[in-house]
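So the structure is just underneath, and the comments pick up after that.
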Protein chains: 2
Amino acid sequence: MSGVQTTGAQGTGAQSTGTESTGTHAAVAQAAAPRPVAHPRLSLNQATIKYANLAEAIDATVNAGYESIGLWREPVQAAGLGRSIRLVEDSGLRVSSLCRGGFFTMEEGLARRESIDDNRRAIAEARALGAPALVLVAGGLPAGSRDLVGARSRVRDAIAELADDAAAAGVTLTIEPLHPMYASDRAVVSTLGQALDIAEEFPLGVVGAVVDTFHVWWDPRLLEQIARAGDRIASYQVCDWATPLPADVLLGRHYPGDGVIDFAGITAAVEAAGYRGDVEVEIFNQQIWDTPYATVAARTRDSFAEVVAPHLS
Amino acid sequence: MSGVQTTGAQGTGAQSTGTESTGTHAAVAQAAAPRPVAHPRLSLNQATIKYANLAEAIDATVNAGYESIGLWREPVQAAGLGRSIRLVEDSGLRVSSLCRGGFFTMEEGLARRESIDDNRRAIAEARALGAPALVLVAGGLPAGSRDLVGARSRVRDAIAELADDAAAAGVTLTIEPLHPMYASDRAVVSTLGQALDIAEEFPLGVVGAVVDTFHVWWDPRLLEQIARAGDRIASYQVCDWATPLPADVLLGRHYPGDGVIDFAGITAAVEAAGYRGDVEVEIFNQQIWDTPYATVAARTRDSFAEVVAPHLS
């Protein structure tokens, strides 16, 4: 399949072929353009339009021509799980993943039991929403701790506790390595290799890994680890890296093409590894969050068509 | 050798033994205390007191009881190389390293030739100052480039051009892997493993690597790579990591012990690898830069004595 998609923006170009009126006002031309079509594997991760409630997020996603959306638990819970399921079903969208579970680096005790229980609920929610993947963020070092090795082993142990539930639900526990700049306070799993070391202890389909370009683009071992991952890749997320980083380093993500990441090479490697699932664009960026949802959905679709889609099969 | 050192601050405790006057004013007690003694392998990297000129930096280092200092090219050049050599000789300090060369990821052309030539001058300066190691920062992606692999290969090629000069000068080209958050704009060499992949192409003593705790503490392969490094470790630098990162992520470094880094484990691994050289404390931190040099030198000495020195042989 060609990665080149007809989009709203591209549709306006049709006016020069004589199929449209000669009106030159872009808004008029766009309103008259055919409904935009996003790449069929493109999914809009809801965090990219963070301030939208679930109904608004689904509307923006459908109206921009997507077939898939990545959901977050908080807006799902705000809408209520039952209503969320109906909204998704009525939209016709696939749910590419549910974000997020995890955060289980703490020592044994009440907080750890609560985290495990909450992750069990997240597995059930993912199943109910039809999401094949529950994205897991490992969690950072416990307060006052310097024991990375211990924290990492507790991540593995938590996943071992959850594996049977995930298998029964048909939901893949999908470990997301986060950029090393988050290793102390957010995720002690920093590389795809680490995520795979854990995942490979469990059956294929039960535990997998996310490849998120923002988090792993710098890794000199990335391509070999993607090849190693093969069918363990349970989610592919794309957004770009640019410097300088903003004051809040969580928010330094950009539309694909607006930074330095080699989407051609990474996407080709993910394809070669056999991944054929949806590809999410997940961007944390205050300026993008402050932009109208429809604009963001369109811009995401178009940047994806330009720099990612050409490298998908 | 015991890592516990007599320091100025500890010396003031002697008053309770009756060997000092009963004056309780700390400054008076400190003035009367014996001259502080830093751990014999501790070196104050000049960047920790960034605003000091070379003479001031040397004074602060000597007065705080250090035997070694890590120099930067800019203040050396500001003082003049000849005068810098005399200042160092008169001080009795060792020079643990010269920071920094590198920045050679650009394509062939004038800028690359200028960079290579400047690195040749840096090798000569290191030799003249008696610094065994010239610290190299790789450089980031060239503007507009997304080719990490190409940039990395150009780092290797530049080092190949410089290796004979370094060997002749008796200066080790010491590659510093920088934290992956600097991969795009500062250093495409992000892990100790990468640095060693390059270093091992050249003779031992000619090309080595820095282990800087701030940059590599998060790496799940760190301990195995330190063991692999062995005598390739040409510099060991310590400072701590804490979050949140400041708005300028270059400045998020802290005194050893003020963050989450496991200095016990990393220092023991560096020792086990055979490193017996000076250990630099290099801190980029605006608040520390705004503190009087003598205070910073003393605080650095004492934090090192507490959390790093006990793990040195």
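Here residue A:180 passes the criteria (1) away from chain B (no Cβ under 11 Å); (2) buried (at least 24 other Cβ atoms within 10 Å of the Cβ) except the one numbered (1). Whether any residue in segment A:250-266 is of a type in the set (Lys, Arg) and farther than 20 Å from residue A:136 by Cα is what I want to check. No; the residues of segment A:250-266 include none that is of a type in the set (Lys, Arg) and farther than 20 Å from residue A:136 by Cα. Which of the residues spanning segment A:230-245 are facing chain B (nearest Cβ under 8 Å) and not in a strand (DSSP E or B)? The answer is A:242, A:243, A:244, A:245. Filtered by the rule that a residue be assigned to a loop (DSSP other than H, G, I, E, B) and surrounded by fewer than 21 Cβ atoms within 10 Å (Cβ to Cβ), segment B:107-139 gives B:107, B:108, B:109, B:130. Looking for something closer than 22 Å to residue A:94 by Cα and either crowded, with 19+ Cβ neighbours inside 10 Å or hydroxyl-bearing (Ser, Thr, Tyr) (or both) - is there at least one such residue anywhere in segment A:240-254? Scanning segment A:240-254, I find no residue that is closer than 22 Å to residue A:94 by Cα and either crowded, with 19+ Cβ neighbours inside 10 Å or hydroxyl-bearing (Ser, Thr, Tyr) (or both), so the answer is no. Could you look through segment B:251-289, keep only residues that are under 14 Å from the mean Cα position of the chain (by Cα) and of a type in the set (A, V, I, L, M, F, W, C), and pick out the one that is nearest to the other protein chains (Cβ to nearest Cβ)? Per the stated criteria, the residue is B:284. Summed over segment B:140-156, residues that are open to solvent by 30 Å² or more (accessible area, probe 1.4 Å), free of Cβ contacts under 8 Å to residues at least 40 places away in the same chain and not in a loop (DSSP other than H, G, I, E, B) total 2. Annotation: residue B:227 fulfils all but one of (1) within 30 Å of residue B:124 (Cβ to Cβ); (2) among the hydrophobic types (A, V, I, L, M, F, W, C); (3) part of a helix (DSSP H, G or I); the unmet one is (1).
Taking the residues in segment A:212-224 that are in contact with a helix residue (DSSP H, G or I) (Cβ under 6 Å, 6 or more places away or on another chain) and surrounded by 22 or more Cβ atoms within 10 Å (Cβ to Cβ) as candidates, determine which candidate is farthest from the other protein chains (Cβ to nearest Cβ). If we take residues in segment A:212-224 being in contact with a helix residue (DSSP H, G or I) (Cβ under 6 Å, 6 or more places away or on another chain) and surrounded by 22 or more Cβ atoms within 10 Å (Cβ to Cβ), then A:213 is farthest from the other protein chains (Cβ to nearest Cβ). Of the candidates A:279, A:260, A:270, the single residue that is closer than 13 Å to residue A:44 by Cα and among the hydrophobic types (A, V, I, L, M, F, W, C) is A:279. So which residues in segment B:55-93 are within 28 Å of residue B:139 (Cα to Cα), charged (D, E, K, R) and buried (at least 17 other Cβ atoms within 10 Å of the Cβ), if there are any at all? Result: B:73, single match.
Taking the numbered list (1) among the acidic types (Asp, Glu); (2) touching a residue at least 24 places away in the same chain (Cβ under 8 Å); (3) within 14 Å of chain B (Cβ to nearest Cβ) in turn, residue A:200 passes all entries but (3).
Candidates B:188, B:171: the one that is open to solvent by less than 10 Å² (accessible area, probe 1.4 Å), in contact (Cβ under 8 Å) with a residue 24 or more places away in the chain and away from chain A (no Cβ under 14 Å) is B:171. Against the definition (part of a helix (DSSP H, G or I) and either open to solvent by less than 30 Å² (accessible area, probe 1.4 Å) or at negative phi (or both)), how does residue A:265 come out, yes or no? When the stated conditions are applied, residue A:265 passes them.
The values are calculated or read from the model by the stated rules, or taken from the named source; none is laboratory data. Being a predicted model, the structure only gives us computed values, none of them experimental. Reconstructed Cβ throughout: ideal geometry from the backbone, glycine too, with neighbour counts over all protein chains shown. For accessibility, only protein heavy atoms count, side chains too; no ligands or nucleic acids. Shrake-Rupley method; radii C 1.70, N 1.55, O 1.52, S 1.80 Å.
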